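A.B. asks: One structure, pasted below without further comment.
Every number in this text was worked out from the coordinates using simple rules, so none of it is lab data. The model shown is predicted, which means the values in this text are computed figures rather than measured ones. A quick note on method: Cβ atoms are made from the backbone with ideal geometry, for glycine too, and the neighbour counts reach across all protein chains shown.
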Amino acid sequence: MLPLFLLNSVKGQPIMVELKRGETLNGTLTNCDSWMNITMKDIVVSDAHGENFYKLKSTYVKGIHIKYITMSNDLIDKFREEQLKEREYYRHRNNGGNNYQRRGNRRNYNGNQRYGGHSNRSQA
Amino acid sequence: MSSLKPYLQKNVKVITVDGRLFLGMLEGFDNNTNIVISSAKERVFFKDRPTEDMEMGLCIVRGNEVVAICDYDEEEEAVTDYTNIHAEKLKDTKNSLI
């Protein structure tokens, strides 16, 4: 499980971010990218000593300033489920269901018109 | 190339650059050593108080915070009484002039 994949899948969920300086941000993740830059909304910020708190409507945090991100432990089961579903979907799309075209050589040599063969030959 | 693959789905301890200790199961990692640990706990040692474990849930630790990762034996961990082990806080890795 790639850390940034997980982060991507918890968009809209409450997370807690600790920054390098020790401040913590409690809020909802709205977006993130491959540099771990994140945007959050409805945040409560506390300083490194946990003494002062203030609220922010929304913020952007550059990934390089993040120490760690924590979230509910249940989210990992959700993430695994989603991943399984996705894998199932792609397997189904690639070779499950209608695998007519995948089973060997289906080129039309005997000129059966129904399957797009040479019309002149089938008429003869 | 050295890899964290043998540690996947194992219980690990992680030491970070600010001298903190995290425990949990290693669920994933990437090329920047960003790691995912589930059922994460931070273990805090004190000189005069019993050791505390703080539950943190699912945790993504940024790669440049990680110093060391080791796996540990769960059984051995369970019989160790950490409440009576006292220690000073680890120093961070920064080479400050003060």
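A.B. asks: Apply 1/(1 + (r/R0)^6) to the Cβ-Cβ distance of A:HIS49 and A:TYR89, taking R0 = 45 Å, and write down the FRET efficiency to the nearest 0.05.
C.D. replies: Computed FRET efficiency for A:HIS49 and A:TYR89: 0.40.
A.B. asks: Tell me, what ³J(HN,Hα) does each residue in the stretch A:7-13 have, in order and in whole Hz, if you take phi through Karplus 6.51 cos²θ - 1.76 cosθ + 1.60 with θ = phi - 60° and put x for Gly and Pro?
C.D. replies: Once rounded to whole Hz, the list reads 4, 4, 7, 9, 4, x, 9.
A.B. asks: Shielding of B:7-15 by partners, i.e. mean partner chain Cβ atoms within 10 Å per residue?
C.D. replies: The mean count of partner-chain Cβ atoms within 10 Å per residue comes to 0.
A.B. asks: Please state the charge dipole magnitude for the protein assembly as shown, taken about the Cα centre, from unit charges on C-beta atoms (+1 on K and R, -1 on D and E), reported in debye and rounded to the nearest 20.
C.D. replies: Its charge dipole is roughly 2000 debye.
A.B. asks: What residues have an amide H closer than 5 Å to that of A:ASN73, excluding those fewer than 5 places away on the same chain, when H is modeled at 1.01 Å from N in the peptide plane?
C.D. replies: Residues meeting the amide H criterion: B:LEU58.
A.B. asks: What nm value, rounded to one decimal, do you get for the distance between B:LEU4 and B:MET54 when each label is placed 7 Å out toward the C-beta?
C.D. replies: If labels sit at B:LEU4 and B:MET54, their model points lie 2.1 nm apart.
A.B. asks: In peptide A:62-74, how many Cβ atoms from other protein chains are near each Cβ within 10 Å, on average?
C.D. replies: Average neighbour count from other chains, rounded to a whole number: 5.
A.B. asks: What ³J(HN,Hα) values, in whole Hz, does the Karplus curve 6.51 cos²θ - 1.76 cosθ + 1.60 give for the stretch A:37-54 when θ = phi - 60°, with x put for Gly and Pro?
C.D. replies: 4, 9, 10, 9, 9, 6, 10, 10, 9, 10, 6, 4, 8, x, 9, 10, 10, 8
A.B. asks: Counting each DSSP H run of 4 or more residues in the protein assembly as shown as -39500 (n - 2.57), what helix-only mean residue ellipticity at 222 nm follows after dividing by all residues, to the nearest 500 deg cm²/dmol?
C.D. replies: Helix contribution divided over all residues of the protein assembly as shown: -5000 deg cm²/dmol.
A.B. asks: Related question: Can you give the average number of partner chain beta-carbon atoms within 10 Å of each beta-carbon in peptide B:31-40, as a whole number?
C.D. replies: Across the residues of B:31-40, the mean count of other-chain Cβ atoms within 10 Å is 4.
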